Every structure is written in structure tokens, then in C-alpha cells.
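Provided herewith is a single structure, encoded as C-alpha cells, for subsequent inquiry.
The values are calculated or read from the model by the stated rules, or taken from the named source; none is laboratory data. Everything numeric in this text was worked out from a predicted model, so none of it was measured. Here Cβ is always computed from backbone atoms with ideal geometry, including for glycine, and neighbour counts include all displayed protein chains.
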Amino acid sequence: MPRIGAHVSIAGGLERAFARGEELSCETIQIFTKNQLQWRSAPISQGRAERFLRAWGESSIADVIVHSSYLINLAATDATGEKSIAALEDEVERCDILGIEDLVLHPGSSKGNPADQSLDLMSERLKTVLERTAHTRVNILLETMSGQGNHLGSDFGQLRRIFENLDWEPRMGICLDTCHMFASGLDFRTEPTYRRLLGHIDSSVGLDRVRCWHFNDSAHPLGRKLDRHAHIGEGELGTTPFSLILTDPLWEDVPCILETPLEGAGHGRDIAILRKLRGR
Ligand SMILES: [Zn+2]
Ligand SMILES: [Zn+2]
């Protein structure tokens, strides 16, 4: 069955994430391995990695996903571009030392340049990072975006172009964010529209590339390209899409990560709702 979890904080130490996840009765968690708003961070020492792996081994959490820094923009044509290559390489190495296999990445912003040109530049840089980290088993999962501003990755044709540029590199995958897809104009609030979405994903990048879901309701209506997460059932998506996903055998082994607001009832209530929708 799909595993239910949430993004949790690493405040006080990376290994603290497991206790936070268990407190919420998560089966899976997502973390940042560093401050997501800073370029630089101390390397992960062998001791820190061992503490993390020990805590993981003793916890009931099955898998850990890492979300990379928000600063990374592989499509940037200024100095940020080169910095982003080094930062992404570092993110992959940090995952590797922690024994984590899936790293989520925002495809970046074109900053107004032609989209295809930005996608090709991004692909070239992704290739560099994949080559430099070929000794690892870390996958890079491109997250589907809302289409807000110049952000790339809100349409599966764009993601397909990146995959094609990279010759369908097996270490490349997709993270589907429910709020972002809905904001970008993809509807999946009923069984037929959900099936249509799956067909669309399958024909563009292949359903087997989907390695993670981000579960967020959307505060804004369909297609507004506005990215604001809401608690499950309290936004425009409602509970049906989550119930369709959680009861679909297709996602048997796929982590579903909440990134809903920490205000209000927090993740605890969302997890209880999702568990009910899954039926166990
Ligand atoms: Zn994200
Ligand atoms: Zn997300």
C-alpha cells in the first residue's frame, strides 16, 4: 500500500527527524539535509551519518526522501547556474552518505528566457551532476510545478524534453505534487479525470518514473497557477483525489508526503484523514 508521511524538521540534528515522524505516525518522511535557504552548509561527518543511520534502523519509518534547496536553479544564465551545479552535486553526496536514494528537485526558473533553451541548459547541467555522482545510487526526482511566474516543469512535455535530453537516464524520476498539478490546470477530482491524468503522465514520461507523491490540497481553484498548499479536504481538491491515489495498486510502494501548512491542526489530522481514505 502507498506509504503515508510528512515533511519533518531536522532541527537539533538530522536523526531527530525520525522521532518527529513517529510522533505523527508517519510511515515515510521527507527532510532537508541542510538549511534550504542557504548555499553553504557544513559537510555531514561520518559520526553524524552513523547517528542518522542508527536512528533510522531503530525507527518504524520505512523510507526517507530529501527535498533539495530552494536556491538551486539549473536554468539560471547568471552565476547562480554554476553555483547550482555544485549545490546539487553536494545534495546528492549528502543523500549518499545518509543512505537515501531519492532527492526531489524543483526544475527551476527560465527567468524569461525561451523555455526550450532553459530546459536544454538544465539538462546539460543535470548530466554533469549525474556524471560526477555516478558512484552513487541517488535518484533525482523532478517535481511537477504550478506554472507560477517563469517556473519550469508545470507541463509533462517539458519534463519529457529533459528525460529525452538525458537519454532516459535511469536515475531520473518524477515527484508528483497534487497542489502544483491542480494549480497548473490538471484536474483529477473524479475517477475519469484521474485516469486521464495517469494516461497523460504515462504517455509523456512513463508512470514507472513516478517515485514520490507530494500530498497537498490547493487553496486556489484549478489552473490559477498559484501555489498555496491547504490541509487535506480543506482546499479546492477535496478528499476524492487522495482516496483515488491511496486505493490505487499502482502506488503500492510509493511514498506520499504531506507538505500541508503547519498552522491549524498540523500534519497529525491530515495523516488521520489519509489513513481513513486508504482504508487501513
Ligand atoms: Zn517542492
Ligand atoms: Zn511539493
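Of the residues that sit in region 13-49 and are hydroxyl-bearing (Ser, Thr, Tyr) and either surrounded by 13 or more Cβ atoms within 10 Å (Cβ to Cβ) or touching a Phe, Trp or Tyr at 6+ places or on another chain (Cβ under 6 Å) (or both), which one is farthest from ARG269 (Cα to Cα)?
In this case the residue turns out to be SER41.
Shifting gears a bit: Here are the criteria: (1) more than 24 Å from ASP90 (Cβ to Cβ); (2) buried (at least 16 other Cβ atoms within 10 Å of the Cβ). Tell me which single one ILE10 does not satisfy.
That leaves (1) as the condition not met.
Working carefully through the options LEU262, LEU244, LEU250, find the one that is within 16 Å of ligand 1 (Cβ to nearest atom) and either in contact (Cβ under 8 Å) with a residue 24 or more places away in the chain or surrounded by fewer than 19 Cβ atoms within 10 Å (Cβ to Cβ) (or both).
LEU262
Continuing with the same structure: Could you tell me whether region 182-202 includes any residue that is modelled with pLDDT of 95 or more, over 21 Å from LEU237 (Cβ atoms) and touching a Lys or Arg at 6+ places or on another chain (Cβ under 8 Å)?
Taking every residue of region 182-202 in turn, none turns out to be modelled with pLDDT of 95 or more, over 21 Å from LEU237 (Cβ atoms) and touching a Lys or Arg at 6+ places or on another chain (Cβ under 8 Å).
Pull up region 56-80, narrow it to residues that are more than 17 Å from the chain's Cα centre (by Cα) and surrounded by fewer than 18 Cβ atoms within 10 Å (Cβ to Cβ), then point me to the one that is farthest from PRO107 (Cα to Cα).
Taking the candidates together, the pick is GLU58.
Among the residues of region 265-280, which ones are surrounded by fewer than 16 Cβ atoms within 10 Å (Cβ to Cβ), in contact (Cβ under 8 Å) with a residue 24 or more places away in the chain and hydrophobic (A, V, I, L, M, F, W, C)?
ALA265
So, in region 145-180, how many residues would count as being touching a Pro at 6+ places or on another chain (Cβ under 9 Å), outside any loop (DSSP other than H, G, I, E, B) and at pLDDT 95 or above?
Within region 145-180, residues that are touching a Pro at 6+ places or on another chain (Cβ under 9 Å), outside any loop (DSSP other than H, G, I, E, B) and at pLDDT 95 or above number 4.
Residues checked against (1) in contact with a His (Cβ under 8 Å, 6 or more places away or on another chain); (2) more than 25 Å from PHE32 (Cβ to Cβ); (3) among the small types (Gly, Ala, Ser):
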residue: ARG195; (1), (2), (3): no, yes, no
residue: HIS214; (1), (2), (3): yes, no, no
residue: PRO221; (1), (2), (3): no, yes, no
residue: ARG224; (1), (2), (3): no, yes, no
residue: PRO241; (1), (2), (3): no, yes, no
residue: ASP253; (1), (2), (3): no, no, no
residue: LEU258; (1), (2), (3): yes, no, no
residue: LEU262; (1), (2), (3): no, no, no
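Restricting to region 223-241, what's the tally of residues that are assigned to a loop (DSSP other than H, G, I, E, B) and either modelled with pLDDT of 95 or more or surrounded by 16 or more Cβ atoms within 10 Å (Cβ to Cβ) (or both)?
13
How about region 217-235: which of its residues are among the charged types (D, E, K, R) and either without any contact (Cβ under 8 Å) to a residue 40 or more places away in the chain or in contact with a helix residue (DSSP H, G or I) (Cβ under 7 Å, 6 or more places away or on another chain) (or both)?
Result: ASP217, ARG224, LYS225, ASP227, GLU234.
Looking only at residues that are away from ligand 2 (no atom under 16 Å from the Cβ) and part of a helix (DSSP H, G or I) in region 252-276, which one is modelled with the lowest pLDDT?
Out of the qualifying residues, it is GLY266.
Across region 211-222, which residue is nearest to ligand 1 (Cβ to nearest atom) among those that are closer than 9 Å to CYS179 by Cα and not in a loop (DSSP other than H, G, I, E, B)?
HIS214
Could you list, ordered by first residue, the pairs with Cβ atoms under 8 Å in which the first is in region 166-182 and farther than 14 Å from ASP227 by Cα and away from ligand 1 (no atom under 12 Å from the Cβ) and the second is among the small types (Gly, Ala, Ser) and in a helix (DSSP H, G or I), at least 6 apart or interchain?
Pairs found: LEU166/SER123.
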